[in-house]
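Everything on this sheet refers to the single structure shown next.
The values are calculated or read from the model by the stated rules, or taken from the named source; none is laboratory data. Please read all numbers here as calculations on a predicted model, not as lab measurements. Cβ placement follows ideal geometry from the backbone for every residue including glycine, while neighbour counts extend to all protein chains displayed. Only protein heavy atoms, including side chains, enter the accessible area calculation; ligands, DNA and RNA are left aside. Shrake-Rupley method; radii C 1.70, N 1.55, O 1.52, S 1.80 Å.
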Amino acid sequence: MRSFFSPAQLAHAPAQELHNGGFTAYAETPSRAETILAAIGGAETPEDRGDAAIRAVHTDDYLAFLREGPARWAAAGRPGDAMGYVWPVVGRRSLRIDRVDGQIGRYSFDASTPLTAQSWGSAYGSAQSALAATQAVLGGERAAFALCRPPGHHAGADYYGGYCYLNTAAIAAQAARDAGRQRVAILDIDYHHGNGTQDIFWDRGDVFYASIHADPVSDYPFYWGHADETGDGEGAGATLNLPLPQGAGLAPFRRAQDQALEAIARFAPDLLVVSFGADTWESDPIAHFKLTTDDYAVLARDIAACGWPSVIAMEGGYAVDALGRNVVSLLSGF
């Protein structure tokens with residue numbers, strides 16, 4: 001299977017994040033990508049396809065903030081990485097706030113995702129990797145792997161969070177649509193719900209989104225991913241959320257994935273995007289499922305058996321020492 005990764009993706013390295021009431025070392029480290037690259041034997045450097053496909057998903061003002069925010073933060077005399085500390089409450093007035101602190105709150109939704117001078121370049125490289133894998137599949141490959149780091153599925157059209165800045169799965173899906181694929185499905189099998197992906201396609205009927213994740217009653221991102229969220233307008237019924245309780249292992253996860261695959265089969269996609277997070281592994285430091293390394297090959301074989309051309313985009317997974325093995329297991333199943 002062809003794999004894609006840009007060296008620019010290693011530059012993003014925030015120092016710390018705010019987690020559960022205290023500052024801690026940033027979990028989404030460059031070593032995540034490095035251990036995966038070593039395990040899969042390297043990857044092709046993607047061609048730079050420009051930002052048109054990114055702008056097809058994200059708003060121009062948001063992209064401008066990702067590029068310019070860190071310099072504005074530094075110009076305001078702020079030390080360290082740019083990090084929000086105030087956010088607007090839903091339903092309150094929507095005002096234009098020019099001060100950088102207010103704009104961080106406008107364009108982010110948590111304090112675990114600092115913005116650095118390198119974030120834009122790395123996120124841009126991650127998007128290029130997703131686009132290269134998509135192009136490979138559109139060109140006839142059965143499946144291709146995009147080692148997306150930073151990950152993407154928490155990023156909305158105009159906000160970042162959950163370590164995500166550009167929504168690589170959404171960019172891949174939209175690129176496939178713009179290339180002529182009429183119906184695209186996204187299967188999200190990360191521990192956390194892909195709230196950004198859901199938001200982007202919430203009211204569209206041409207992209208089906210199915211997610212298996214930890215119940216948001218107990219787990220991040222809390223405010224998205226409940227089972228009664230099914231889409232709106234033309235997208236009514238095109239979102240399927242299958243939350244599972246903490247401690248879920250292969251049997252319940254596989255049953256949920258079978259349910260998702262059956263729904264996707266009824267949708268009859270021309271192409272599938274798999275948002276794969278290895279934070280479902282049994283010893284991930286920030287998650288609570290119980291999948292083993294061998295389980296990923298089982299899940300992948302079930303997906304591959306459906307026969308859809310597939311773009312696999314890397315999402316989470318924070319047990320760095322095991323991450324390479326877990327990714328290899330999944331890819332071997334295809």
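A few comments on the model shown:
- Listing of helices (runs of 4 or more DSSP H) fully contained in region 51-121 that carry 3 or more residues being closer than 18 Å to His153 by Cα: 52-55, 60-75
- Some residue of region 126-148 being part of a loop (DSSP other than H, G, I, E, B) and within 16 Å of Gly194 (Cα to Cα): yes
- Test result for Ala170, small (Gly, Ala, Ser), under 11 Å from the mean Cα position of the chain (by Cα) and either modelled with pLDDT under 95 or crowded, with 24+ Cβ neighbours inside 10 Å (or both): yes
- Residue that is farthest from Ile303 (Cα to Cα), among those in region 113-149 that are among the polar types (S, T, N, Q) and open to solvent by 10 Å² or more (accessible area, probe 1.4 Å): Gln118
- Matching entry among Gly140, Gly125 (being in contact (Cβ under 8 Å) with a residue 12 or more places away in the chain and not aliphatic (A, V, I, L, M)): Gly125
- Residue satisfying condition, being over 24 Å from Ala43 (Cβ atoms), among the charged types (D, E, K, R) and either surrounded by 24 or more Cβ atoms within 10 Å (Cβ to Cβ) or touching a His at 6+ places or on another chain (Cβ under 9 Å) (or both), within set Asp110, Asp178, Asp98, Asp190: Asp110
- Residue that is nearest to Ser3 (Cα to Cα) [pool: residues in region 271-299 that are polar (S, T, N, Q) and in contact with a Leu (Cβ under 9 Å, 6 or more places away or on another chain)]: Ser275
- Yes/no for Phe208 being over 20 Å from Tyr165 (Cβ atoms) and surrounded by fewer than 23 Cβ atoms within 10 Å (Cβ to Cβ): no
- Across region 1-49, the number of residues qualifying as of a type outside the set (S, T, N, Q), assigned to a loop (DSSP other than H, G, I, E, B) and touching a helix residue (DSSP H, G or I) at 6+ places or on another chain (Cβ under 9 Å) comes to 11.
- Selection status of Ala64, hydrophobic (A, V, I, L, M, F, W, C), surrounded by fewer than 20 Cβ atoms within 10 Å (Cβ to Cβ) and either within 23 Å of Asn167 (Cβ to Cβ) or free of Cβ contacts under 8 Å to residues at least 24 places away in the same chain (or both): yes
- Hits in region 67-90 - residues which are open to solvent by less than 70 Å² (accessible area, probe 1.4 Å) and over 19 Å from Ala15 (Cα atoms): Ala76
- Some residue of region 225-238 being under 24 Å from Ala111 (Cβ atoms) and open to solvent by less than 60 Å² (accessible area, probe 1.4 Å): yes
- Some residue of region 212-220 being in contact with a helix residue (DSSP H, G or I) (Cβ under 8 Å, 6 or more places away or on another chain) and either on the phi > 0 side of the Ramachandran plot or in a loop (DSSP other than H, G, I, E, B) (or both): no
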